[in-house]
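See structure below.
The values are calculated or read from the model by the stated rules, or taken from the named source; none is laboratory data. All values derive from a computational prediction rather than experimental measurement. Backbone-built Cβ (ideal geometry, glycine too); neighbour counts: all protein chains shown. All accessible areas refer to the heavy atoms of the entire protein, side chains included, with ligands and DNA or RNA removed. Shrake-Rupley method; radii C 1.70, N 1.55, O 1.52, S 1.80 Å.
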Amino acid sequence: HVAYEKGTGRKLAIKVQHRGLRETSRGDILALQTMVRMLEYLFPDEFCYGWIMDEIAPQLPKELDFHNEARNSERAAEHIREAGINCIVPAVHWEATSDRVLTMDFEEGFRSTDIESIEKEGMNEHDVAKLISSVFNAQAFC
């Protein structure tokens, strides 16, 4: 969502978690784990994806905690800065952020697949692909 800060009029990006999502996600994970285990039991040679559930189950609650997401955003910004990559990571507004609401600076931009906008900005597809790869690598190999 887009909002404007009182007093300054600064444009903000607001991410709001849907009501009840965190609570229902626990049941969803349990149902998926049960289904995966049942399929592994019924088809032991053809279906061996339990490891995926073992990876996802403990991570989902972290993904639903916007304080955690905000901290990760700040870590990502630091890694990108240290790598010398020219990329903006929107600043977190901690005073307006909670477990279920994330408030950040709004940064204007366009999709990385919008070739017309890329060219209007004086860039080319190769530059954009290199930037995306560099940002990913700064996170994966920091």
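Relative to the longest principal axis of the Cα atoms of the chain, the long axis of helix 125-140 lies at roughly 60 degrees. The stretch between L42 and H67 holds 5.0 nm of extra length on full extension. This uses 0.36 nm per residue minus the Cα-Cα distance.
Taken one residue at a time, the phi angles of segment 23-38 give Karplus couplings (6.51, -1.76, 1.60, θ = phi - 60°) of 5, 6, 5, 4, x, 4, 5, 4, 5, 5, 4, 4, 5, 5, 4, 5 Hz. Gly and Pro are set to x.
Legend: calculated FRET efficiency, E125 to D105, from the Cβ-Cβ distance at R0 = 30 Å, rounded to 0.05, equals 0.65.
On the principal axes of its alpha carbon atoms, segment 58-142 extends 39, 27, 23 Å, with the longest extent given first. Length gained on full extension, E116 to N86: 8.7 nm, using 0.36 nm per residue less the C-alpha separation.
Per-residue SASA remark: D45, around 140 Å² accessible (1.4 Å probe; ligands, DNA and RNA not included). When the residues H79, H18 are ordered by accessible surface, computed with a 1.4 Å probe over the protein chains alone, the sequence from largest down reads H18, H79.
Computed over the chain, the convex hull of the alpha-carbon atoms projects to a mean area of 12.3 nm².
For a paramagnetic label modelled on Y4 (point 7 Å from Cα along Cα→Cβ), amide N atoms under 20 Å away belong, within segment 72-114, to 93, 96, 103-109. Ignoring ligands, DNA and RNA, what percent of the 1.4 Å accessible area of the chain is carbon and sulfur? After summing per-atom areas, the C and S share lands at 57 percent. Amide H contacts under 5 Å for H93: T103, M104, D105, restricted to partners 5 or more places along the chain or on a different chain, H placed in the peptide plane at 1.01 Å from N.
For segment 66-74, take each phi angle, set θ = phi - 60°, evaluate the Karplus expression 6.51 cos²θ - 1.76 cosθ + 1.60, and give the result in whole Hz per residue in order, putting x for glycine and proline. Once θ is set to phi - 60°, the couplings for segment 66-74 become 6, 5, 4, 4, 5, 4, 5, 4, 5 Hz. Would you list which lysines come within 19 Å of K11, measuring only between C-alpha atoms, while excluding same-chain residues fewer than 8 positions from it? Output for K11: empty list, no partners. For segment 41-48, the Karplus equation 6.51 cos²θ - 1.76 cosθ + 1.60, evaluated at θ = phi - 60°, returns couplings of 5, 6, 10, x, 8, 9, 10, 9 Hz by residue, with Gly and Pro reported as x. L12 exposes around 20 Å² of accessible area when a 1.4 Å probe is run over every protein chain in place. Across C48, C87, the residue with the most accessible area heads the list, and the full order at a 1.4 Å probe is C48, C87.
In this view, the solvent-accessible surface of Y4, computed with a 1.4 Å probe and all protein chains in place, comes to about 140 Å². For K62, go through the aspartates and glutamates and keep the ones whose alpha-carbon is under 17 Å away, minus same-chain ones fewer than eight residues off. Qualifying aspartates and glutamates at Cα under 17 Å: E23, D28, D54, E74, D99.
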